[in-house]
1. Exactly one condition in (1) loosely packed, with under 13 Cβ neighbours inside 10 Å; (2) touching a Leu at 6+ places or on another chain (Cβ under 7 Å); (3) of a type outside the set (A, V, I, L, M) is false for A:Tyr218; which is it?
2. How about region B:50-123: which helices (runs of 4 or more DSSP H) wholly inside it have at least 1 residues that are within 29 Å of A:Gln20 (Cα to Cα)?
3. Could you give me the residue pairs with C-beta distances under 8 Å whose first residue belongs to region A:160-177 and is closer than 22 Å to A:Ile108 by Cβ, whose second residue is modelled with pLDDT of 90 or more and polar (S, T, N, Q) wherever it lies, and which are 6+ apart or on separate chains?
4. Is there a residue in region B:91-113 that is among the hydrophobic types (A, V, I, L, M, F, W, C), surrounded by 15 or more Cβ atoms within 10 Å (Cβ to Cβ) and closer than 30 Å to B:Leu255 by Cβ?
5. Would you tally the residues in region B:258-290 being within 16 Å of B:Ser127 (Cβ to Cβ) and among the basic types (Lys, Arg)?
Amino acid sequence: MTAAAANAKSRAARTKKIRQFVTPEGVDLELKIASAGLRFGALLVDMILIQLALLLFWLLMLWIGVAAQSDVTEVIWMLGAFLLRTFWFIGFELGSRAATPGKRLMGIRVVARDGGRLTADAVVARNLIRELELFLPLMMLGAGVAQDSVSGWIMLAGVLWSLTLSLFLLFNRDRMRMGDLIAGTWVVMAQRVKLDADIAVDAAGDAMTFSEEELAVYGIFELQELERVLRGRDPRAMRDVADAIRAKIGRPVAEEDDVFLLSYYRQLKARLERKLLFGKRREDKYASD
Amino acid sequence: MIPPAASTRAIDAPSFSTSRFRAEREADWIAFDLLLTRLEKKGAAALTSDELLQLPLLYRATLSSLSIARATSLDKALLDHLEALSIRGYFLVYGVRETRLNRLRRFFLYDWPAAVRSVWKETLIISLIILLGAMTSYSLVSSNPEWYFNFVDEEMSGGRDPRATAEFLQSTLGHGKAAADKGESGLHVFATYLFTHNSQVSILSFALGFAFGIPTMMLEYYQGIGLGAMMAIFSAKGLGFDFGGWLFIHGTTELFAAALSGAAGLRIGGAVVFPGARGRLQAAADAGRTAGKVMVGVILMLFAAGLLEGFGRQLITDTMLRYAIGSLMLLFWLAYYYIPRREDVT
């Protein structure tokens, strides 16, 4: 039963990332903690955007500076660069979506850990700490290079020490970086999901009928995998899945794959949902019926 | 919207079915989605009052749909959509209660001084540490000028060391011939450089606070050391009073800001070490929020200090006037922070 164990394990991994978040109406929103990879991706996107903005800004200032023959542009440049670097994250996270462009792209957002609203001071605190997390390893490297007296090993130790701060989010299960810890925030998934059509009401769904035994072989996990394949509309995947189901329940290849799958999906869903109403939730095909 | 054929079909279906549930409620979800999208793009001003009244109703309808769907439906696409919609709706409905302008006003009137007041203990400690640093290096350099080179970089001192003549030192203070030759060009560049540099040092000294506040205290001590060493050099040549004025005009603001940034860091460090009755995480989060407010204030103070240092100090060369401006700034900050006022309770 290694497959059953693997299934249970992946389900446990998924529930481990879910945090209870009860609204005043008493509904648990079940927020999912954003993974370290997504966080890093978002940071990378933001950094690239900041650099691009700085480059454009620099070219603009250069152009104005040459045209106006004045060094006021240098001041604007220095101030602008500082403001952009410090307030890019703060400005965007104070908005109603609490996410920088990078975070929006990755479908994540910042949330107050206690379920209250995200306050400006929390956003400021978490982003000022970022300064340290990003630049301390670089500074250690720079300091080591600048002073000849510091040996390579000491420099390495310094960089490693500062990296443990920067990579703090890898060492706790809530994926909080140092700034999140100090500000009392979390970064969670906030994707937009389009409302797809209800495939269970499709007219093709009643083309064939399956017996109780034929429907009893699968559980919720398989049902939702089937749903994914049906929504994907990839003929090769549908063929593979249809063949697998036919082999399992012992039916000959007689109908079109999509008709067969849709009928099977519809009746399996109706059966499992009926059981759900009676308080029986069959997670996957390994669970008892 | 769903095609009419499908919806009649779903409603015809026998007894309770999730398709029927969806057909009945779908219009609400779509309306809520549209409303949220407009709210996110254009803010509350874009909605009519009818729509604003609709918002909480649709929000609650969606949450109730989510609860029902979780208990009855196995349609993954539907569940995911409702979950995402509810999360989006929750943060918009409960998220913002204030306009940005209001928030800004409250920050300057109440939050900023209140945050600074609440870290008064830490501010005192950090000020003493800076003073201690200054006194240490002052006494060491006064007794043996060779110590100076241990405290101040060659680069930073710019020739202001024990070997320098009194005339040269005087010129660095903006008096005498050499200073007049330098002219006024590039002042604003200098001021901006000072501001960005000082801000980054302050942010660092705040951010290092979580390591039990020790790196913060070291950083502040080090700032005091540089100051004291410089002071010893100038007073040895009988320029102590002039140097004081040179420092005082912007130093009251800048050192105050440095002390506050250290205090903010120390507050976090203190909360991590001594969380009290709260959990350690909770204590750190509470301290972090107060410290965050202080830090925004520190950056604004440093901006003022940069202006004073870049423009004021270079243009005003009269020592007494420098002292006057410096004291005025100090009085202003003290009054702004520490004079009690009626708190904003809302």
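The values are calculated or read from the model by the stated rules, or taken from the named source; none is laboratory data. None of these values were measured; they are calculated from a predicted model. As a convention, Cβ positions derive from the backbone with ideal geometry for all residues, glycine included, and neighbour counts pool all protein chains shown.
1. The single condition A:Tyr218 does not satisfy is (1).
2. Details: elements: B:76-95, B:100-106, B:112-118.
Passing ranges, in order: B:76-95.
3. These pairs meet every condition: A:Arg175/A:Ser35; A:Met176/A:Thr185.
4. yes
5. Selection size over region B:258-290: 1.
Per-residue answers, yes or no, for (1) farther than 13 Å from A:Gln191 by Cα; (2) hydrophobic (A, V, I, L, M, F, W, C); (3) more than 9 Å from chain B (Cβ to nearest Cβ):
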site	(1), (2), (3)
A:Val75	yes, yes, no
A:Met78	yes, yes, no
A:Ala81	yes, yes, no
A:Phe87	yes, yes, yes
A:Phe92	yes, yes, yes
A:Arg97	no, no, no
A:Met106	no, yes, yes
A:Val111	yes, yes, no
A:Asp114	yes, no, no
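Residue by residue, here is whether (1) assigned to a helix (DSSP H, G or I); (2) in the same structural domain as A:Pro101 (by TED's automatic domain parsing); (3) among the β-branched types (Val, Ile, Thr) holds:
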{"site": "A:Ala8", "(1), (2), (3)": "yes, no, no"}
{"site": "A:Thr15", "(1), (2), (3)": "yes, no, yes"}
{"site": "A:Glu25", "(1), (2), (3)": "no, no, no"}
{"site": "A:Gly37", "(1), (2), (3)": "yes, yes, no"}
{"site": "A:Ala42", "(1), (2), (3)": "yes, yes, no"}
{"site": "A:Val45", "(1), (2), (3)": "yes, yes, yes"}
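Residue-by-condition table, conditions (1) under 23 Å from A:Ala112 (Cβ atoms); (2) surrounded by 14 or more Cβ atoms within 10 Å (Cβ to Cβ); (3) not hydroxyl-bearing (Ser, Thr, Tyr):
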position	(1), (2), (3)
A:Asn7	no, yes, yes
A:Thr15	yes, no, no
A:Gln20	yes, no, yes
A:Gly26	yes, no, yes
A:Gly37	no, no, yes
A:Leu44	no, no, yes
A:Ile48	no, no, yes
